[in-house]
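Asker: Right, I'll just put the structure down here and ask away after.
The values are calculated or read from the model by the stated rules, or taken from the named source; none is laboratory data. Source: prediction; values computed, not measured. Counting neighbours? That spans all protein chains shown, and the Cβs are built from the backbone with ideal geometry, glycine included.
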Amino acid sequence: MVSGGWFLNEADLDNDPNAVQVFDSNGSENGFVMRLDPAGLTEWAVRFSGIGQCRVLDVEEDDDGNLHVAVKFDGSLDVDPGAGSVLLYAAGMSGDLRDVAVVKLDAQGLYLTSAQFNDVEYQMEGVILEINSAGQPVVAFISDYGIIHSYTLSGADLSTISSFDFRQHRGRHRLPRRYAVGRAGQPALRGSFLTRVQPRSAGSVCRHTGVRDG
């Protein structure tokens, strides 16, 4: 199983009582991805951080065990959670969270590649609807006004982008709590996959989102 989300201040992402893996967000929201073994214990966990806020919104696993992660951010974001550094810079102003990166990690959480998206008018949430039969992530970008972008990403570096008809995916994926797809006042699809988990210490906030069986 793989899971992603974000936290503020400190989070212990190793649920093995005999081990501790603590991340400190240094006062801003950081994103994370983790893999659990069949017994529910943490196999590994990685963090996304930068100058500003970042949140892991969704994570999907392909048939090869690679993970496709949607990360919302402002300021700058290091999309390589390992020892290296691959920096992306948000097009929006600090604090407006108008940029979303789709990051591809291997089965051990190591960085492979990424693609960045932004909208000058709306704040966006990124939802990876599925990994299609060709191993390509199918992504929708959502605002308070509904779907504003919808793409299939392909190529080794996710650089080949093609639009698709979002309507074919209705009912197949639950969207974040605040968002609906449909005409104003007549939402066609609502849902939530955001739940709270126990923070490590007083004053810490941690959220899980987009849990997937793998």
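Asker: So is VAL69 over 17 Å from PHE23 (Cα atoms), buried (at least 23 other Cβ atoms within 10 Å of the Cβ) and either acidic (Asp, Glu) or within 14 Å of the chain's Cα centre (by Cα) (or both) or not?
Answerer: So VAL69 fits the description; yes.
Asker: Test of understanding: among ASP74, ASP64, ASP80, ASP58, which residue is of a type in the set (Asp, Glu), in contact with a Gly (Cβ under 9 Å, 6 or more places away or on another chain) and under 19 Å from ASP157 (Cβ atoms)?
Answerer: Unique residue meeting the criteria: ASP64.
Asker: To continue, here is another question. Of all residues in segment 75-84 being among the hydrophobic types (A, V, I, L, M, F, W, C) and buried (at least 19 other Cβ atoms within 10 Å of the Cβ), which is modelled with the lowest pLDDT?
Answerer: So, considering only residues that are among the hydrophobic types (A, V, I, L, M, F, W, C) and buried (at least 19 other Cβ atoms within 10 Å of the Cβ), the one modelled with the lowest pLDDT is LEU77.
Asker: Restricting to segment 52-63, what's the tally of residues that are more than 17 Å from SER114 (Cβ to Cβ) and surrounded by fewer than 21 Cβ atoms within 10 Å (Cβ to Cβ)?
Answerer: 1
Asker: Just one of (1) without any contact (Cβ under 8 Å) to a residue 60 or more places away in the chain; (2) more than 23 Å from GLY84 (Cβ to Cβ); (3) surrounded by 15 or more Cβ atoms within 10 Å (Cβ to Cβ) trips up ASP12, so point out which.
Answerer: It fails just one condition, (1).
Asker: Then there's this: Taking segment 114-142, which residues are in a strand (DSSP E or B) and either touching a Phe, Trp or Tyr at 6+ places or on another chain (Cβ under 7 Å) or farther than 22 Å from ASP74 by Cβ (or both)?
Answerer: PHE117, GLU125, GLY126, LEU129, GLU130, ILE131, PRO137, VAL138, VAL139, ALA140, PHE141, ILE142
Asker: For segment 85-105, how many residues meet the condition of being surrounded by fewer than 18 Cβ atoms within 10 Å (Cβ to Cβ), modelled with pLDDT under 90 and closer than 23 Å to GLY155 by Cβ?
Answerer: Qualifying residue count, segment 85-105: 1.
Asker: A follow-up question, please. Taking segment 143-161, which residues are assigned to a loop (DSSP other than H, G, I, E, B) and surrounded by fewer than 18 Cβ atoms within 10 Å (Cβ to Cβ)?
Answerer: ASP144, TYR145, GLY155, ALA156, ASP157, SER159
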